[in-house]
Amino acid sequence: LIKDDILGKVDRQIPTMLNYKTHIAKGSMFNTPPVIPIFSAYQTMLWIKANGGVEGMEKIVAEKANLLYNEIDRNSLFVGTVAKEDRSFMNICFVMSEGNKELEAEFSSFASERGMVGLKGHRSVGGFRASTYNALPLESVKALVECMQEFENLKK
């Protein structure tokens with residue numbers, strides 16, 4: 001509670017957002033905080049903390065990336081597009097060996113039939129891009145690896 005006669009009687013500059021007079025004049029609706037984004041950020045931070053914090057996230061993302069890169073390097077049908085020392089943990093790019101566009105379309109359909117979505121690579125590069133952001137579970141990467149192995153066995 002604030003007395004009306006002291007509102008706005010401050011002898012220093014106050015940001016509008018922190019001025020009670022502004023909020024009272026606008027019926028406490030001057031600036032409603034974005035509640036859903038704040039709540040979402042809070043839930044995300046709790047989830048990160050529960051999974052080991054930044055260090056835990058780093059271990060998980062490295063495990064996912066290594067699992068997929070190992071399959072790309074092992075599998076005769078796929079080739080990584082980035083030098084090993086420059087590989088991303090988050091966006092893993094690869095193409096079909098020998099640039100086989102027909103086989104690329106076939107694998108895309110094959111993966112899609114098995115629930116793999118969003119694998120299409122950048123429009124200027126083509127191929128595939130598997131994003132392994134923090135929210136993607138390790139099981140999803142394992143499923144993609146199994147899909148790649150199954151496709152390789154089918155094409156042998």
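The values are calculated or read from the model by the stated rules, or taken from the named source; none is laboratory data. Computed from a predicted structure; not experimentally measured. Cβ placement follows ideal geometry from the backbone for every residue including glycine, while neighbour counts extend to all protein chains displayed.
With respect to the conditions (1) assigned to a loop (DSSP other than H, G, I, E, B); (2) under 19 Å from Glu139 (Cβ atoms), Ser112 lacks only one, and its number is (1). Considering (1) within 19 Å of Asn66 (Cα to Cα); (2) touching a residue at least 24 places away in the same chain (Cβ under 8 Å), the lone condition that Ala83 does not fulfil carries the number (2).
Considering the conditions (1) under 33 Å from the mean Cα position of the chain (by Cα); (2) of a type in the set (A, V, I, L, M); (3) over 30 Å from Met57 (Cβ atoms), Ile38 is excluded by exactly one of them, (3).
Only helices (runs of 4 or more DSSP H) wholly contained in segment 1-109 count here; list those with 1 or more residues that are of a type in the set (D, E, K, R) and loosely packed, with under 14 Cβ neighbours inside 10 Å. Before you say what the answer is, go through the steps one by one.
Numbers: elements: 20-25, 35-50, 53-74.
Counting at least 1 such residues, we get 35-50, 53-74.
Do any residues in segment 39-61 that are at pLDDT 95 or above have Cβ atoms under 9 Å from those of residues that are charged (D, E, K, R) and assigned to a helix (DSSP H, G or I), where the two are at least six apart or on different chains, and which pairs are they? Qualifying pairs under 9 Å: Gly52/Glu58; Gly52/Lys59; Gly56/Lys49.
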